[in-house]
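Structure record follows, encoded as structure tokens.
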Amino acid sequence: MKIRVLGSAAGGGLPQWNCGCHNCSEARAGRLPSRLSACVAVSADDEHWVVVNAGSDINRQLAETKALHPTSARANPIRALLLTDANIDHTAGLLEFRQADYFLTYSTDLVKKTLCEGPMFSQFAHGNKRWLTFPAKDKVRVEVEAGDLRIWASPVDGMLPSYAGGQQRAGAAVAYVFEHRAARFVYAPIFLTLGKDLAAELEDADATLLDGTCWSDDEMIELRLGTRTARAMGHAPISGPGGSLEALAALRAPHRYYTHVNNSNPLVDPASPQSAVVRQAGIAVAHDGLEIEI
Ligand SMILES: [Zn+2]
Ligand SMILES: [Zn+2]
């Protein structure tokens, strides 16, 4: 199985256009690597690809990823777009797929409803474009014709985006599990707690890319970049009690990464003390263009 990280940033990217924080300034000056919106592409055979989430960078990400280029005048290797949630940085790029003759989107019922109640995204549920949904409660098989790649959606604790009220709701977020032969990859760029369902999925994974939005719960407030904690935005912080680092450090998966890293997070700087802590735990921070083969 091949996993391509097309982007590894939380909403806003690195640098974020309106942010003059230390990390964004360093990225603008070229001293830290820039990051596009978190997005991965997965394939079992190099021919059929599944993309998870599409933010406003998707056009550039597709252009920069040769494996996802069209194979003829109107054919391309993308078999489906899977959405983990309804946040704008994971869904705004859906509009870039509007020219498709046929297009398959997958999400929970709630995510589809949240996005399609307005007119903008409803075109993806009609005619030759299909938007299939799955219930929020259980782990469920996602049927996509993508060679031998098998895909499941697994529920995680999550919140609706702030534009939709921001409440914690079943179905507000999922993780995706990809299997090919014995290889197993878990993509969970958004979760509020590392609950037992997600922990069970991670147990036997060969590769994991997990929510690394904020190092600490109050980081945005501390840096005067926002008024909400990581948890209030639907993201478990990495450090501190109940943070994801503890759990992730205990896993056996040979490829353990944080992704969806916010520009406020000290992990965007490989030289930060926090980056050293994560490295010591055997975990890496994904970067744009990262390729993992399992
Ligand atoms: Zn996000
Ligand atoms: Zn910033």
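The values are calculated or read from the model by the stated rules, or taken from the named source; none is laboratory data. As the structure is a prediction and not an experimental result, all values here were calculated from the model. Virtual Cβ from ideal backbone geometry, glycine too; neighbours counted across all protein chains shown. Calculation scope for accessible area: heavy atoms of the full protein, side chains included, ligands and nucleic acids excluded. Shrake-Rupley method; radii C 1.70, N 1.55, O 1.52, S 1.80 Å.
Could you grab me the full set of residues in the stretch 275-294 that are assigned to a helix (DSSP H, G or I) and open to solvent by less than 40 Å² (accessible area, probe 1.4 Å)?
Start the filter on the stretch 275-294 by keeping residues that are assigned to a helix (DSSP H, G or I), which leaves 275-280.
Hits for the stretch 275-294 are 275, 276, 278.
Using beta carbons and a limit of 6 Å, which pairs, at least six apart or on different chains, have the first residue in the stretch 24-42 and closer than 16 Å to residue 287 by Cβ and assigned to a helix (DSSP H, G or I) and the second one within 14 Å of ligand 2 (Cβ to nearest atom) and of a type in the set (A, V, I, L, M)? From residues that are closer than 16 Å to residue 287 by Cβ and assigned to a helix (DSSP H, G or I), the pairs are 26/32; 27/14. Residues of the stretch 176-187 include none that is closer than 21 Å to residue 94 by Cα, touching a Leu at 6+ places or on another chain (Cβ under 8 Å) and among the charged types (D, E, K, R).
Against the criterion of being over 17 Å from the mean Cα position of the chain (by Cα) and more than 24 Å from residue 37 (Cα to Cα), residue 228 does not qualify.
Would you tally the residues in the stretch 32-63 being hydroxyl-bearing (Ser, Thr, Tyr), within 16 Å of ligand 1 (Cβ to nearest atom) and either closer than 17 Å to residue 105 by Cα or open to solvent by 10 Å² or more (accessible area, probe 1.4 Å) (or both)?
1
Scan the stretch 224-243 residue by residue and report those that are open to solvent by 70 Å² or more (accessible area, probe 1.4 Å) and under 24 Å from residue 7 (Cβ atoms). Steps first, please.
In the first step, residues of the stretch 224-243 are kept if they are open to solvent by 70 Å² or more (accessible area, probe 1.4 Å); the result is 224, 227-228, 231, 241.
Within the stretch 224-243, 228, 231 qualify.
Please find, within the stretch 187-201, the residue that is farthest from ligand 1 (Cβ to nearest atom) out of those that are surrounded by 23 or more Cβ atoms within 10 Å (Cβ to Cβ) and free of Cβ contacts under 8 Å to residues at least 60 places away in the same chain. Among those residues, the one meeting the criterion is 198.
Summed over the stretch 111-131, the residues that are touching a strand residue (DSSP E or B) at 6+ places or on another chain (Cβ under 9 Å), at pLDDT below 95 and among the aliphatic types (A, V, I, L, M) give a count of 2. Within the set 85, 57, 101, 45, the sole residue that is at pLDDT below 95 and among the acidic types (Asp, Glu) turns out to be 101.
Here residue 131 passes the criteria (1) open to solvent by less than 20 Å² (accessible area, probe 1.4 Å); (2) in a loop (DSSP other than H, G, I, E, B); (3) not aliphatic (A, V, I, L, M) except the one numbered (2). From (1) part of a strand (DSSP E or B); (2) touching an Asp or Glu at 6+ places or on another chain (Cβ under 7 Å), pick out the condition that doesn't hold for residue 111. Result: residue 111 fails condition (1) only. Within the span defined as the stretch 210-223, one or more residues are crowded, with 24+ Cβ neighbours inside 10 Å, within 16 Å of ligand 1 (Cβ to nearest atom) and outside any loop (DSSP other than H, G, I, E, B). One residue stands out in the stretch 5-31 among those that are out of contact with any Cys (no Cβ under 9 Å at 6 or more places or on another chain) and away from ligand 2 (no atom under 11 Å from the Cβ): the one that is least open to solvent (accessible area, probe 1.4 Å), namely 11. Taking the stretch 3-23 as the search range and keeping residues that are within 13 Å of the chain's Cα centre (by Cα) and outside any loop (DSSP other than H, G, I, E, B), which one is farthest from residue 145 (Cα to Cα)? Among residues in the stretch 3-23 that are within 13 Å of the chain's Cα centre (by Cα) and outside any loop (DSSP other than H, G, I, E, B), the one farthest from residue 145 (Cα to Cα) is 9. Comparison of 34, 43, 56 shows that the only residue that is in contact with a strand residue (DSSP E or B) (Cβ under 6 Å, 6 or more places away or on another chain) and more than 16 Å from ligand 2 (Cβ to nearest atom) is 43. Of all residues in the stretch 91-117, those satisfying the criterion of being open to solvent by 30 Å² or more (accessible area, probe 1.4 Å) and either of a type in the set (Phe, Trp, Tyr) or without any contact (Cβ under 8 Å) to a residue 12 or more places away in the chain (or both) are 99, 102, 113, 117.
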